[in-house]
Amino acid sequence: MALLQVSNVSMARITPRKECILVLTNLLMETEEQLNDNIATLGSDMRALSQWNPCSKWKVNFVVRTNLETAFAEKLRGLMERGDLEPMVRYTSSSARFNKYAFMKPLVRQMGEYDYVLMKDADMRIAGFPWNAFMEKKGGSVISGPLREAVGESLMNWMRRKAPGRQWYQLHEARYWKSAANATDFESVEPLASGFIEQYFALLEGDFAAWFFKVALTDGFLNQTLSWAPDNMWCGAAADMRPEKPDCSLVPVVSEHLDTRTIDIERTNCPCTTCPCKAADLPKRRPRGLSNDKAAFLHNVYHDGPLFERWILASEEYRNEVAR
């Protein structure tokens, strides 16, 4: 079996797992350098996952600049030879934001055919990730996620600078767990019951994913460009659907984060016409405990639906008081 937290695992030490995994991710390629790097990274991650879980399928939404069409087609042919990739390709000259869940809507029914659905950002690595330890330690959780650590990030440099992290939820950052105060918990690799698993790397049970996304991927949600609502709701939904199981667990193993920063972070959390959201953007009956942006999103996108409100509220305290 693989050692915990070990990056390079030889084939001789791998016992293939039986679960079938559906992997969903988006890849935006705007330059030839980005194209080459992204295809190499994707191929490496596909090979790594197939060693542990031969029954894995990747469905990737490629968004490619029109001037890269020929170069991309050549690279794609090489990836397709593996047989575990189903690409969805959109060539565009536009730099407009897009909802990264939109391509998943036609795939919702298929999710239930897999044991698990892995949703991850393309810059979160599987190659070098202790996948088997993650799968073993997550236990029976409906949704699980690992820690992340940016390439080149150093705990000693961070402590010396005393600088805040770029990411919003610091509890999900490996450097928090590697501090002297938390090192024992990190080394034990024991999962932490969590009210929130961020969408950068989330493993969902397949039948739960099919049920949840059938409800959550409404036309109102898909017809706008923000992509952060589902991960604000899925732990609350898991508690509803599977009350007999742990809903969400954060497993202290580390996925390398390339941090390509292809998303405009400044606008990610603003669902209002002008940002930041103001009182005038909010409904008259604002759910108690919700921040302005969540209340505005619930109102404008989900029309104050009580089910969505309950799911968002289920993780709001954790996101605001624990994870940051």
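The values are calculated or read from the model by the stated rules, or taken from the named source; none is laboratory data. All of these numbers come straight from a predicted model, not from anything done at the bench. Methodologically, a virtual Cβ is constructed for each residue, glycine included, from the backbone with ideal geometry; neighbour enumeration extends over all protein chains shown. Each accessible area value is taken on the protein alone, full model and side chains, heavy atoms only, with ligands, DNA and RNA left out. Shrake-Rupley method; radii C 1.70, N 1.55, O 1.52, S 1.80 Å.
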**Study point:** Failed item, numbered, when LEU35 is tested on (1) out of contact with any Pro (no Cβ under 9 Å at 6 or more places or on another chain); (2) open to solvent by less than 30 Å² (accessible area, probe 1.4 Å); (3) closer than 20 Å to GLY128 by Cα
**Key:** (3)
Practice item. Examine region 252-265 for a residue that is closer than 18 Å to LYS214 by Cα, open to solvent by 10 Å² or more (accessible area, probe 1.4 Å) and either at pLDDT 95 or above or assigned to a loop (DSSP other than H, G, I, E, B) (or both), and state whether such a residue exists. Key: no
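In region 98-144, which residues are over 30 Å from ASP219 (Cβ atoms), in a helix (DSSP H, G or I) and open to solvent by less than 40 Å² (accessible area, probe 1.4 Å)? Outline the logic, then answer.
To start, the set of residues in region 98-144 that are over 30 Å from ASP219 (Cβ atoms) comprises 125-141.
Imposing the further condition that a residue be in a helix (DSSP H, G or I) reduces the set to 131-137.
Hits for region 98-144 are TRP131, ASN132, ALA133, PHE134, MET135.
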Check your understanding: Are any of the residues in region 12-35 more than 20 Å from the chain's Cα centre (by Cα), at pLDDT 95 or above and hydrophobic (A, V, I, L, M, F, W, C)?
Key -> yes
Check your understanding: Only one of (1) at pLDDT 90 or above; (2) within 24 Å of the chain's Cα centre (by Cα); (3) not hydrophobic (A, V, I, L, M, F, W, C) is not met by GLU244, so which one is it?
Key -> (2)
Point to revise | Selection from region 279-324 of residues that are among the hydroxyl-bearing types (Ser, Thr, Tyr) and farther than 17 Å from THR218 by Cβ | key: SER291, SER315, TYR318
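In region 191-206, how many are closer than 17 Å to LYS137 by Cβ and either assigned to a strand (DSSP E or B) or open to solvent by 10 Å² or more (accessible area, probe 1.4 Å) (or both)? Write out each step before concluding.
Let us first name the residues in region 191-206 that are closer than 17 Å to LYS137 by Cβ, namely 191-194, 197, 201-205.
Right, trim to either assigned to a strand (DSSP E or B) or open to solvent by 10 Å² or more (accessible area, probe 1.4 Å) (or both) and you get 191-193, 201-205.
Residues in region 191-206 being closer than 17 Å to LYS137 by Cβ and either assigned to a strand (DSSP E or B) or open to solvent by 10 Å² or more (accessible area, probe 1.4 Å) (or both): 8 in total.
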**Study point:** Evaluation of LEU222 against (1) closer than 22 Å to GLN110 by Cα; (2) surrounded by 18 or more Cβ atoms within 10 Å (Cβ to Cβ); (3) not polar (S, T, N, Q) (one fails), failing number
**Key:** (2)
Practice item. Determine whether region 292-311 contains at least one residue that is open to solvent by 10 Å² or more (accessible area, probe 1.4 Å) and modelled with pLDDT under 80. Key: yes
